[in-house]
Amino acid sequence: MAITKHLKKGTYDVTLSGNFTFDDHTDFRDVLQQMSEADVRHVVFHMNKLEFIDSAALGMLLLARDEAQKHQKNLAISGATGQVKKMFDMARFDTLFAMN
Amino acid sequence: MTENVLRLMTPEKDVAENNHNASEAMAVMIAGSAALKMLSMLLPTAAKDVENASQDLTTRFKKLAENAGAQSNTVQALVSTIGTITLDDRRVSLDEFIGLFGKTLDDSVTKMLLVSKKALSMVYSMEDAIKNLHEIEKFSKKIQEITKQTNLLAFNALIEAARAGEKGKGFGVVANEVKSLSTEITALSNDMRVRTGIIMKSVTDGFSVLKEVATTDMASNIAAKDTLEALMQGLVQQSEASMKVMSGSAASSREISNTIQGMIVGLQFQDRNTQITENAVGIIHHCVGVFEDILKKEECLMENSAPPCDSPEIHKAVEALASSIKLGEIRQKYIEVLQNSGALAKSAIGDAVAQTVNQQDIELF
């Protein structure tokens, strides 16, 4: 999976593209680190270019949620489609994240 | 009576003709009287047949109504059974069941996600642990180098101490101490390296197991929830459709039962039929009595105008009346009554009348 990060005023934007699986866990850890250190209130994960997500990746997103809460940041997920959206629906992610 | 009036009014040569007319009139009354006698025998039989048949029908219909009613109750009970499911010890409605089912599936999914999250968290922790263990291994190497240096230093110090002689004795003791300390440190360092190696092995073994857990994709299990819920909905819809059909069936059975009850009530008309028949028979008996009175009076008045047995007048009257009887069976009975009363002979001639009459048969069944 390819990860691009963009820090602008007040928001930390992370764009994920390709397939998000267990193998991405080291890269994702960097995102978690930067997320907790960034001096922003809002964090957004952009998923429009994400094609596939497995259960390990769902676990990673939940870790991100915990981290955000620990550092009083708002975490939102946007643009989920196809298989990714299906997984989010079945896992009831709409009850855990702000989705748009 | 007829003859007396005629005698007073007509001349002598018409007396024979008047006698003949009177004879014909009497023959008609004999034929009519016999017909009425026969009717008085037929009607009660017919009435009894109707009574028996309707009683039989009543009994059968009662049974039918009972069966239809029982069926309705059975189906109704089925409907209430299908609408619920037994869970542990209580009955649960289908709606409630779906709710519980969905909640259980949601629970499973939530737990799976939790396992995923914790597994990932552990992966991160263990990666840190392994990194630190590597650092410790590096320290061990460093300690080895340092102790090697220290030993060399101590050795050199001992040589210098020996060169210094008496003055260097204290120095030599210190150098020896340093050397034994160094040896101790080396031993400890080796011990630590061995243990670190063991820990490293356990951690890396555990780490590969954890990686297997973390990489097990539970997406298909999570997806199963959707499939199961759809299945459940399908089953419930089917049950509800079945229940609807069965309720309709129970209602139909109940309606049948009610209709039959109505029919049973309607059948009791046969009571009235019996009454009317009894009345009719009474009237007929009375008519027969009247006819016989008239005939007796005429016989007394006219000894030679009473039509004898098998006379042409009687045949004529009988044939006229018999032509109005449609059923051959009843016509036969009529002839028998006439033969028994002596109006017709039980002989070839009497039978010939029966034959003529029977040729005009119009059988109804």
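Numbers for the structure displayed
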| quantity | calculated |
| --- | --- |
| Links that overshoot a 30 Å alpha carbon limit, given the list B:LYS296/B:LYS316; A:LYS5/B:LYS225; A:LYS49/B:LYS211; A:LYS86/B:LYS244; B:LYS63/B:LYS244 | A:LYS5/B:LYS225; A:LYS86/B:LYS244 |
| Cα-Cα pairs of the stretch A:2-92 separated by more than 20 Å (percent) | 28 |
| Heavy-atom accessible surface of the protein assembly as shown: percent carbon and sulfur, 1.4 Å | 59 |
| Binned Cα-Cα distance frequencies in the protein assembly as shown - 20 Å width, integer % | 14, 19, 14, 12, 10, 11, 10, 5, 3, 1, 0 |
| Given charges at Cβ of Lys, Arg, Asp, Glu: the protein assembly as shown dipole, positive-most of B:GLN339, B:ALA68, A:ALA80 | A:ALA80 |
| Residue mean of other protein chain beta carbons inside 10 Å, A:12-24 | 1 |
| Gained length - B:HIS20 relative to B:ASN221, 0.36 nm times residue gap less alpha-carbon distance | 60.6 nm |
| Translational D in µm²/s for chain B (Stokes-Einstein at 4 °C, 1.567 mPa s, Kirkwood Rh from C-alpha pairs) | 37 |
| Degrees between helix B:328-341 axis and first principal axis of chain B (Cα, 0 to 90, nearest 10) | 40 |
| Test item: B:124-132 mean partner chain Cβ contacts at 10 Å | 1 |
| Rounded to 10°, Cα long-axis angle of helix B:169-215 versus longest principal axis of chain B | 20 |
| For residues of B:215-222, the mean tally of beta carbons on other chains within 10 Å | 6 |
| Computed Kirkwood radius, in angstrom, where 1/r is averaged over Cα pairs of the stretch B:141-193 | 11.4 |
| Net length gained if the chain between B:MET232 and B:GLU66 were fully extended (0.36 nm per residue, minus Cα distance) | 55.9 nm |
| Among B:ALA16, A:LEU50, A:LEU63 - extreme Cα towards positive end, dipole of the protein assembly as shown, charges at beta-carbon | A:LEU63 |
| Helix-only CD estimate at 222 nm, as mean residue ellipticity for chain B, using -39500 (n - 2.57) per DSSP H run (n ≥ 4) | -31500 deg cm²/dmol |
| Total charge dipole magnitude, the protein assembly as shown, about the Cα centre, Cβ charges on Lys, Arg, Asp, Glu only, Debye to nearest 20 | 4000 |
| With Cα atoms, 0 to 90° folded angle of helix B:219-267 axis to chain B main axis | 20 |
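The values are calculated or read from the model by the stated rules, or taken from the named source; none is laboratory data. All of these numbers come straight from a predicted model, not from anything done at the bench. All Cβ positions, even for glycine, are placed from backbone atoms using ideal geometry, and neighbour counts span all protein chains on display. The protein model used for the area step is the full one, side chains on, heavy atoms only, and it has no ligands, DNA or RNA in it. Shrake-Rupley method; radii C 1.70, N 1.55, O 1.52, S 1.80 Å.
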